[in-house]
Amino acid sequence: MITPATAEESPEAVSAERSAFSELVTSLANSPRDHHLVVMSSGGTVYGGNDAPYVETDVPQPVNRYGAAKLALENIAHGSGVPTTVLRVANAYGPGQQAARGQGVIGYWLRALRDKKPISIFGNGSTVRDYVYVKDIAEAVLAAASLTSPEPFRIINIGSGEPTTLTQLARLCLDVAGADSAIKYQENRGFDTPANWLDVRAALDYLNWEPTVTLRDGLKLTWEWVQTAD
């Protein structure tokens, strides 16, 4: 129900999501049927500190209100007694991604290249992130939902498992788009964590899942979609 942008701007939206989620979990806990809850959380904002790649046993240090909100939902599920698999997803991208604040740079950058505009990077481009393609995320969700004997509570990282700097990402975008637009570096915003990427080995053990779409291939597919999008 919330995005990183709405979490920062609207405490009421965060509260409404938490209330709705709590009501859902309470209903599942009181149901006579067995249930397995799959929670979509955020690997990019729940983790913090300087220990990337992050593993599921790392102590969460949310980097913003969105991360804190997602961690609160995890805690509600954990305390409910309902078998729960939490998927902490890295930076998602792919066809359908909008150019909207809080939705990631790829949607902005590929549209900028389509429109013959430069790419803008805050800072010197050394910030490291983990980008995971939407199809890989969907397959992870299906794998989690298909578990026949889920653990009472389990956190699983879903990402590429590969660190990528903003400059590397920008150059890949330029390459797949066949563009010669400039990369413009702007003043550091002051709140971006230097490095955030995920160790995803546990997903193979627990879900028999691993990412299959490379960043280059995922960007090509996204670029094809962007050229036909509004």
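Read-outs throughout are calculated quantities, based only on the coordinates presented, and are distinct from any laboratory measurement. Bear in mind that the values here come from a model prediction, so they are computed numbers and not experimental data. Positions of Cβ are backbone-derived with ideal geometry, glycine not excepted, and every protein chain shown enters the neighbour counts.
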From the gyration tensor of the Cα coordinates in region 1-130, what semi-axes in whole Å does the equivalent ellipsoid have, largest first, with each one equal to sqrt(5λ)?
31, 17, 14
Estimated 222 nm signal from helices in the chain, with DSSP H stretches of n ≥ 4 weighted -39500 (n - 2.57), rounded to 500
-12500 deg cm²/dmol
Residue order, fewest to most surrounding Cβ atoms within 10 angstrom, among 58, 136, 34, 175
34, 175, 58, 136
Using the crude model of +1 on Lys and Arg Cβ and -1 on Asp and Glu Cβ, and no other charge, please compute the dipole size for the chain relative to its Cα centre, in debye to 20.
520 debye
Can you give the Rg and Dmax of region 175-230 based on its C-alpha atoms, in angstrom?
16.7, 43
Degrees separating the helix 134-145 axis from the principal Cα axis of the chain, which is the longest one
10 degrees
Distance between Cα centroids, region 169-230 to region 117-161: provide it in whole Å.
11 Å
Among the lysines, which fall within straight-line cross-link reach of residue 220, defined as a Cα-Cα distance under 26 Å, with same-chain neighbours fewer than 8 residues apart omitted?
116, 117, 135, 184
Kindly express, to the nearest 10 degrees and within the range 0 to 90, the angle between helix 105-114's C-alpha long axis and the longest C-alpha principal axis of the chain.
30 degrees
Using the 2.2 N^0.38 Å rule of thumb for compact globular proteins, work out how region 120-230 stacks up: its C-alpha Rg over that value, please.
1.27
Neighbour-count ranking [beta-carbon atoms within 10 angstrom, fewest first] of 88, 201, 189
189, 201, 88
Within region 4-226, percent of DSSP bridges classed antiparallel, to nearest 5
10 percent
Could you give the size of the charge dipole of region 1-126 about its Cα centre, using +1 on the Cβ of each K and R and -1 on the Cβ of each D and E, expressed in debye and rounded to the nearest 20?
560 debye
In whole Å, what are the Cα extents of the chain along the three principal axes, biggest one first?
60, 36, 36
By how many degrees, 0 to 90 and rounded to 10, does the Cα axis of helix 215-226 deviate from the longest principal axis of the chain?
80 degrees
Please state the relative contact order of region 44-188 as a whole percent: Cα pairs under 8 Å, 6+ residues apart?
30 percent
For region 1-130, what's the relative contact order in percent, using C-alpha pairs closer than 8 Å and at least 6 residues apart?
27 percent
